[in-house]
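Student: Take a look at this one; I'll ask things after.
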Amino acid sequence: MTAPHPALAATDPELAALVGAEERLQAETLRLIPSENYVSRAVLEASGTVLQNKYSEGYPGRRYYEGQQNIDRIETLAVERAKALFGVDHANVQPYSGSPANLAVYLAFARPGDTVMGMALPMGGHLTHGWGVSATGTWFHGVQYGVRQDTGLIDFDQVRELALKERPKVIFCGGTALPRTIDFAAFGEIAREAGAVLVADVAHIAGLIAGGAHPSPVPHVDVVSTTTHKTLRGPRGAMLMSREEHAKALDKAVFPGLQGGPHNQTTAAVAVALHEAAQPSFRHYAHAVVANAKALAEALLARGFDLVSGGTDNHLILMDLTPKEVPGKIAAKALDRAGIVVNYNTVPYDPRKPFDPSGIRIGTPSLTSRGLGTEHMAQVAAWIDRGVAAAGAGDEDALLTVRAEVAELMAAFPAPGLPV
Ligand code: DSN
């Protein structure tokens with residue numbers, strides 16, 4: 001299977017070969033990283049257009065460059081589609097990715113030294129939610145909440161206590177390793193009481209929200225921040241959404257506050273992804289992602305795996321491998337050799353270090369995009385079980401056997417966007 005990139009192959013065969021190798025890797029493996037997906041051919045095509053050639057600093061109708069007749073229409077299309085899909089007054093589709101989008105939120109609502117609050121990274125939050133090594137935890141005073149050790153669920157008593165004691169300017173909810181439904185209403189109540197701007201970072205679950213498989217934060221929060229490339233199945237990019245009252249502050253923070261010209265090829269691909277996400281088939285996809293994750297969680301529990309919070313409500317499962325006596329990193333690397341791509345991850349209250357933690361994080365957005373259903377999840381769990389056991393035993397032959405079985409199943413479910 002070779003990708004049809006003739007110009008690339010002629011100009012730079014070395015690079016073309018690497019792209020081809022990546023296409024094969026994505027086709028042959030079982031990709032379980034919950035923040036990844038397969039975009040459609042249409043999204044890929046939009047990303048690779050002559051829109052790449054333009055500079056468009058400013059916003060539609062208010063640019064600092066001429067020649068924006070088409071770009072203005074493209075960006076407006078993306079904005080209008082985002083507003084319609086998520087039911088918001090305002091959308092800014094220019095942030096380059098999730099971290100810049102969140103930085104723009106800080107720029108809009110806080111000043112250096114102010115207190116900000118978010119979920120601690122090892123509890124399932126994100127670097128940009130005020131964690132120490134991030135600019136957001138350095139330039140601001142980051143206070144962090146977590147989950148309860150006994151349930152693995154967000155500790156709302158702690159959230160409220162911290163918010164009222166510390167009075168943060170901004171509170172972030174959402175994260176990167178949260179397997180359960182986020183109670184945006186509970187966060188909204190606390191933020192109002194504390195007088196904070198509440199931001200829902202829904203990067204992981206934006207597609208589930210768009211497809212009706214997770215409650216929307218929109219009625220409860222001031223700002224919605226999201227990437228566009230995870231469950232939403234668009235290009236690598238991000239959006240900020242809000243009620244009209246915050247529109248100016250957010251726009252000003254993105255440009256000229258933080259960024260220069262928007263990446264128009266990405267804006268176009270975001271528009272395509274939002275169009276796809278508005279179709280009935282995407283609702284089916286979002287619900288199938290959750291059904292698959294629940295079925296996979298059940299199958300893993302039946303095999304004795306320890307899942308943080310005991311299961312999942314969304315697309316993501318966080319596994320604590322301590323009872324299996326295999327560290328997360330060793331398991332992740334072994335599974336990779338078995339053709340199952342996951343990432344090692346801290347679990348709440350992890351006694352191990354982030355670069356060598358106790359857990360692995362898996363999810364179902366990619367396999368669902370390929371058409372795998374609940375009937376396949378027992379097999380996926382069995383492969384994970386065999387892979388982790390082989391990792392513990394140092395059995396490379398067993399990993400290669402799993403890899404061959406995985407590749408055989410994957411061949412029957414061609415991935416969207418990839419050459420067949
Ligand atoms: N890197 C993303 C993830 O994997 O969840 C979050 O930014």
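The values are calculated or read from the model by the stated rules, or taken from the named source; none is laboratory data. Please read these numbers as outputs of a predicted model, since none were measured by experiment. Quick reminder, even Gly has a Cβ in these numbers, built from the backbone with ideal geometry, and neighbours come from all protein chains shown.
Student: Do any helices (runs of 4 or more DSSP H) entirely within region 46-158 hold 2 or more residues that are at pLDDT 95 or above, under 27 Å from Gly359 (Cβ atoms) and within 16 Å of the ligand (Cβ to nearest atom), and if so, which?
Tutor: 98-109, 135-138
Student: Report yes if some residue within region 199-208 is surrounded by fewer than 24 Cβ atoms within 10 Å (Cβ to Cβ) and either of a type in the set (A, V, I, L, M, F, W, C) or at pLDDT 95 or above (or both); otherwise report no.
Tutor: no
Student: Regarding region 95-114, can at least one residue be identified that is farther than 23 Å from Lys252 by Cβ and under 19 Å from the mean Cα position of the chain (by Cα)?
Tutor: Within region 95-114, not a single residue is farther than 23 Å from Lys252 by Cβ and under 19 Å from the mean Cα position of the chain (by Cα).
Student: Which pairs do you get when a residue that is closer than 16 Å to His204 by Cα, found in region 93-104, comes within reach of a residue that is hydroxyl-bearing (Ser, Thr, Tyr) and within 13 Å of the ligand (Cβ to nearest atom), reach meaning Cβ atoms under 6 angstrom, with the pair 6+ apart or on two chains?
Tutor: Close Cβ pairs (under 6 Å, with a partner that is hydroxyl-bearing (Ser, Thr, Tyr) and within 13 Å of the ligand (Cβ to nearest atom)) amount to Gly98/Thr227; Ser99/Thr128; Ala101/Ser225; Asn102/Thr128; Asn102/Ser225.
Student: So which residues in region 189-210 are over 22 Å from the mean Cα position of the chain (by Cα) and of a type in the set (Gly, Ala, Ser)?
Tutor: Within region 189-210, Ala191, Ala194, Gly195, Ala196 meet the criteria.
Student: A follow-up question, please. Scan Leu250, Leu258, Leu240 and give me the residue that is of a type in the set (A, V, I, L, M, F, W, C), more than 11 Å from the chain's Cα centre (by Cα) and farther than 30 Å from Ala213 by Cα.
Tutor: On the way: Leu250 fails: farther than 30 Å from Ala213 by Cα; Leu240 fails: farther than 30 Å from Ala213 by Cα.
Criteria check complete, one pass: Leu258.
Student: Further question: Test Arg63 against the stated conditions and say whether it is charged (D, E, K, R), buried (at least 16 other Cβ atoms within 10 Å of the Cβ), over 20 Å from Gly211 (Cα atoms) and without any contact (Cβ under 8 Å) to a residue 40 or more places away in the chain.
Tutor: Yes: the conditions hold for Arg63.
Student: If I filter region 14-30 for residues that are part of a loop (DSSP other than H, G, I, E, B), more than 25 Å from the chain's Cα centre (by Cα), crowded, with 17+ Cβ neighbours inside 10 Å and touching a residue at least 40 places away in the same chain (Cβ under 8 Å), do I get at least one hit?
Tutor: No, region 14-30 contains no residue that is part of a loop (DSSP other than H, G, I, E, B), more than 25 Å from the chain's Cα centre (by Cα), crowded, with 17+ Cβ neighbours inside 10 Å and touching a residue at least 40 places away in the same chain (Cβ under 8 Å).
Student: So which residues in region 201-216 are away from the ligand (no atom under 14 Å from the Cβ) and closer than 20 Å to Met119 by Cα, if there are any at all?
Tutor: Once the filter is applied, which keeps residues that are away from the ligand (no atom under 14 Å from the Cβ) and closer than 20 Å to Met119 by Cα, region 201-216 yields His214, Pro215, Ser216.
Student: Moving on to the next point. Do you know which of the residues in region 159-179 that are part of a loop (DSSP other than H, G, I, E, B) and surrounded by fewer than 20 Cβ atoms within 10 Å (Cβ to Cβ) is nearest to the ligand (Cβ to nearest atom)?
Tutor: Looking at the filtered set, the residue picked out is Lys169.
Student: Still on this structure, please answer the following. Within the group Lys353, Lys324, which residue is in contact with a strand residue (DSSP E or B) (Cβ under 9 Å, 6 or more places away or on another chain) and charged (D, E, K, R)?
Tutor: Lys324
Student: Given the criteria acidic (Asp, Glu) and surrounded by 17 or more Cβ atoms within 10 Å (Cβ to Cβ), does Asp356 qualify?
Tutor: no
Student: Are any residues in region 334-377 among the small types (Gly, Ala, Ser) and either within 15 Å of the ligand (Cβ to nearest atom) or free of Cβ contacts under 8 Å to residues at least 40 places away in the same chain (or both), and if so, which ones?
Tutor: Selection gives Ser358, Gly359, Gly363, Ser366.
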